[in-house]
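Single-structure report; data block below.
The values are calculated or read from the model by the stated rules, or taken from the named source; none is laboratory data. Quick caveat, the model's predicted, so the values are computed rather than measured. All Cβ positions, even for glycine, are placed from backbone atoms using ideal geometry, and neighbour counts span all protein chains on display.
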């Protein structure tokens, strides 16, 4: 059996650029939503002329779509991911723009038939409505309420009700309506997630930086040791991710 120190050191050293989680294969598992976001996004991209993918990460999801529209742009704010996405997507004609994840978007009014985003940190509904043409749609898979809170609360302690409900899909529906968009599809699911060793936890928290803000191995080493012992004794650490799919149309 690999020791705690070896597992943690390995996971703390591996690069976390991009949005590819293949390093976790065999070490963690996450149930996927039944709707198949990438497949549905690909179907929509194949039928429009101009599209924008917000917070594209390393571009992996967009690159997995079989066809892209003649005008395809993507934004990303984290410099390492901008480099990864540019290398991956530019050969397919995608304009990758380094842009902060806040307004204003660096695009003209009414430019896009489709705006998409997978797991945005925050949805700026008014800006999305502004860059959509009339009849255009926003299509997004988002993190739902209290997602992976079993893991978050293991490290951060009990979270307030406001944190648990901050990503509720009802809030998204209300915000879309306030921006003048009509929600035409809304689905949500709670999904099983398992971490099989402490290295998987360290890698996950280094990569998904908003789960435990400011996470470092040294700061949380005693708590990591406790979780390692728990996994060794009881088996994989179980958490639940929540996801919702939302599609909103501009009249």
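The residue that is nearest to the chain's Cα centre (by Cα), counting only those in segment 48-57 that are surrounded by 21 or more Cβ atoms within 10 Å (Cβ to Cβ) and part of a strand (DSSP E or B), is 54. Restricting attention to segment 68-92, the residues that are within 20 Å of residue 140 (Cβ to Cβ) and outside any helix (DSSP H, G or I) total 10.
Conditions tested, residue by residue: (1) buried (at least 17 other Cβ atoms within 10 Å of the Cβ); (2) closer than 28 Å to residue 32 by Cα; (3) at pLDDT below 95.
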position	(1), (2), (3)
59	yes, yes, no
69	yes, yes, no
76	yes, yes, no
87	no, yes, no
113	yes, yes, no
135	no, no, no
141	yes, yes, no
152	yes, yes, no
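Here segment 27-47 is the region considered, the condition is being part of a helix (DSSP H, G or I) and more than 15 Å from the chain's Cα centre (by Cα), and the residue that is nearest to residue 228 (Cα to Cα) is 39. For segment 2-24, indicate whether the set of residues that are part of a strand (DSSP E or B) and in contact with a helix residue (DSSP H, G or I) (Cβ under 9 Å, 6 or more places away or on another chain) is non-empty. Scanning segment 2-24, I find no residue that is part of a strand (DSSP E or B) and in contact with a helix residue (DSSP H, G or I) (Cβ under 9 Å, 6 or more places away or on another chain), so the answer is no.
Please pick out the residue among 176, 200 that is closer than 24 Å to residue 80 by Cβ, touching a strand residue (DSSP E or B) at 6+ places or on another chain (Cβ under 7 Å) and in a helix (DSSP H, G or I).
Working: 176 fails: closer than 24 Å to residue 80 by Cβ.
Step by step, each of 176, 200 is checked, and only 200 is closer than 24 Å to residue 80 by Cβ, touching a strand residue (DSSP E or B) at 6+ places or on another chain (Cβ under 7 Å) and in a helix (DSSP H, G or I).
For segment 216-251, a tally of residues being surrounded by 19 or more Cβ atoms within 10 Å (Cβ to Cβ) and either without any contact (Cβ under 8 Å) to a residue 12 or more places away in the chain or closer than 22 Å to residue 19 by Cβ (or both) returns 8.
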